[in-house]
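Chemist: To start, I am sharing the structure in question, which I have written as structure tokens.
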Amino acid sequence: MTFKERLQELFSPIDMTQGSPVRQIMLFTIPMLIGNMAQQLYNTADSIIVGRFVGDNALAAVGSAGPILNLLIVLFVGISVGAGIVTAQYFGARDRENLARAVGSCILATGIASVILMIVGPLAARPMLRLLNTPDTIIDWCTEYLVILFLGAAGSGYYNILSGVLRGLGDSFAALMYLLVATVLNIGLDYLFVAKFGMAVAGVALATIIAQCVSAVLCLRRLTRMKDIFELRREHLKPDPENLLRLIRLGLPSGLTQAIFSMSMIVVQSLTNSFGEMFIAANVIVMRVDGFVMMPAFSFGTAMTTYSGQNVGAQRPDRVEQGARQGTLCAMGVSAVLTVLILVFGRGIMGIFTETEELIEMSYHMMSIIAVGYIATEITQCLSGIMRGAGDTMTPMWISLLSSVVIRVPAAYLLVALTKTPENPQGNCAMLFVSLLLSWCIGALMTLIAYRRGKWKTLVTGNQNEKEVS
């Protein structure tokens with residue numbers, strides 16, 4: 001195969017109903033993994049630049065805003081997951097008209113969700129920060145950062161939804177290219193607004209929304225030119241109750257999962273804030289590095305959702321289990337390598353964010369606690385992706401509820417309480433990360449059991465029988 005042919009293969013939507021399952025999964029995953037890494041640079045670049053040019057308190061402010069931001073964007077998360085599943089299944093079934101209607105419904109639903117978030121977000125930002133006992137030294141920066149991001153929610157929403165549609169069509173490479181352009185723009189604007197114009201956290205927030213708007217426009221442009229797969233016309237942008245209800249039915253469990261997870265993070269953030277600005281800043285550094293290490297899990301998980309959805313739509317249930325085994329093993333291998341790299345080069349990585357030696361050591365210690373848990377998250381994400389793609393979005397939601405709320409939150413408070421001493425009345429802050437590791441491992445075990453015994457196989461068989469009868 002010539003270089004031109006290989007390039008065309010990467011740019012073309014991937015039909016995952018044919019060929020080697022592991023090859024198709026990897027072809028889909030690699031561009032998306034690079035793209036997810038680039039997307040993670042949005043928040044990481046924010047943290048590095050404010051940490052270096054403004055200070056550790058600004059770094060803490062950007063991180064403290066994260067759980068609230070995540071909670072209020074769950075509408076987009078739900079629409080995005082539903083969009084990926086619906087488009088993957090219509091693409092697998094070669095149903096051009098319903099595919100176009102589904103994409104139009106996604107665009108309409110995103111617009112509604114954006115308006116809601118742009119109104120509610122700025123009003124809720126400061127009260128929620130107060131509720132979390134955010135230190136007075138950083139609360140103004142946190143509020144300013146959140147308000148700007150919420151006012152620019154449409155760009156973020158449309159990028160996430162439209163890139164989800166592209167991935168559902170198997171076109172992860174186009175989403176990658178557009179995201180790389182936006183990432184470079186974001187980093188350049190971060191430096192310009194913060195280092196040159198002195199805009200502090202407001203500068204990084206403004207840079208982020210400008211870059212996201214650019215990536216959203218590029219994704220929309222790509223979709224309107226995919227006429228060989230479907231043709232998006234003006235009438236498809238009208239309300240379509242059937243597709244909107246299907247988006248909600250498939251996406252709501254994932255949106256609720258994200259909301260539950262974000263609520264648990266907010267509860268834990270309140271405990272995090274009680275340990276002061278230094279630990280808040282360390283937590284921000286760990287979570288930024290964690291975002292990169294988690295990318296293979298999220299990328300493989302999304303690939304598995306698309307793979308499962310396309311093969312269910314094409315009535316190929318035999319390929320689903322084969323791909324699940326191969327994809328999960330590949331994902332676990334990638335995480336094992338990343339875990340070793342974290343343990344070997346961790347201190348150097350932490351030093352990118354700050355020059356404060358105490359902060360570097362604290363961050364590395366916390367990161368080393370959770371490092372081995374990344375292999376467990378690969379199992380959770382991959383097998384959950386298979387179940388979602390088959391239409392079983394409820395089981396992963398319940399597992400996430402149990403692991404991130406019922407287990408993680410009480411464990412965090414209990415372990416901190418058990419480590420309180422007269423010399424250390426607040427307890428051991430490292431227990432927050434021990435509780436996180438515990439929840440990841442239990443979540444992986446529950447997902448494995450659900451995959452082997454769950455209802456997703458029944459849904460696949462039911463879809464096949466229904467199409468045979470029709």
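The values are calculated or read from the model by the stated rules, or taken from the named source; none is laboratory data. Quick caveat, the model's predicted, so the values are computed rather than measured. Here the Cβ is made from the backbone with ideal geometry for all residues, glycine too, and neighbour counts use every protein chain on show. Ligands, DNA and RNA are excluded from the accessible area calculation, which covers all protein heavy atoms including side chains. Shrake-Rupley method; radii C 1.70, N 1.55, O 1.52, S 1.80 Å.
Chemist: What number do you get for the chain when its Cα radius of gyration is normalised by 2.2 N^0.38 Å, N = residues?
Modeler: Here the Cα radius of gyration is 0.95 times the empirical estimate.
Chemist: Quick check: the angle from helix 277-313's long axis to the longest principal axis of the chain, C-alpha only, nearest 10 degrees?
Modeler: In the chain, helix 277-313 runs at an angle near 10 degrees to the longest axis.
Chemist: Which ³J(HN,Hα) values in Hz, rounded to whole numbers, follow from the phi angles of segment 141-156 under the Karplus curve 6.51 cos²θ - 1.76 cosθ + 1.60, where θ = phi - 60° and Gly and Pro get x?
Modeler: Computed from phi, the couplings for segment 141-156 are 5, 4, 5, 4, 4, 5, 4, 5, 5, 5, 5, x, 5, 4, x, 5 Hz.
Chemist: Right, here's the next one. Shape call for segment 168-299 from the C-alpha gyration tensor, a ≥ b ≥ c root eigenvalues: rounded (a/c under 1.5), prolate (a/b greater than b/c) or oblate?
Modeler: Oblate, since a/c reaches 1.5 and b/c is not below a/b.
Chemist: Which of the three applies to segment 367-439, rounded, prolate or oblate, going by the alpha-carbon gyration tensor with a ≥ b ≥ c and a/c under 1.5 meaning rounded?
Modeler: Judged from the Cα gyration tensor, segment 367-439 comes out oblate (a/c at least 1.5, b/c at or above a/b).
Chemist: Still on this structure, please answer the following. Can you run phi through the Karplus equation (6.51, -1.76, 1.60; θ = phi - 60°) for segment 212-226 and list ³J(HN,Hα) in whole Hz, with x for Gly and Pro?
Modeler: 5, 4, 4, 5, 5, 4, 5, 5, 4, 4, 5, 5, 5, 9, 8
Chemist: May I pose another question? Rounded to the nearest 20 Debye, what is the dipole magnitude of segment 33-128 about its Cα centre when Lys and Arg each give +1 and Asp and Glu each give -1 at the C-beta?
Modeler: The dipole magnitude comes to about 120 debye.
Chemist: Right, next: Mind giving me the nanometre distance, one decimal, between the label points for residue 249 and residue 420, set 7 Å out from Cα along Cα→Cβ?
Modeler: Result for the modelled spin labels: 4.9 nm.
Chemist: Another question about this same structure. So what J values fall out for segment 314-321 if you push phi through Karplus, 6.51 cos²θ - 1.76 cosθ + 1.60 with θ = phi - 60°, rounded to Hz, Gly and Pro as x?
Modeler: Going residue by residue, I get 8, 6, 10, x, 5, 7, 5, 5 Hz, with x marking Gly and Pro.
Chemist: What accessible area per residue, rounded to a whole number of Å², is obtained for the chain using a probe radius of 1.4 Å?
Modeler: 41
Chemist: When all alpha-carbon pairs of segment 19-156 are counted, what percent fall beyond 28 Å?
Modeler: Above the 28 Å cut-off, segment 19-156 has 35 percent of its Cα pairs.
Chemist: Give me the percent relative contact order of the chain, please, defined on Cα pairs under 8 angstrom at least 6 residues apart.
Modeler: Dividing the mean separation by the residue count of the chain yields 22 percent.
Chemist: How much of the accessible area of segment 309-387, in percent, comes from carbon and sulfur atoms when a 1.4 Å probe is used?
Modeler: It is 65 percent, rounded to a whole number.
Chemist: Still on this model: Under 30 Å between alpha carbons: how many lysine pairs meet that in the chain, if sequence neighbours fewer than 8 apart on the same chain are excluded?
Modeler: Lysine pairs meeting both conditions in the chain amount to 6.
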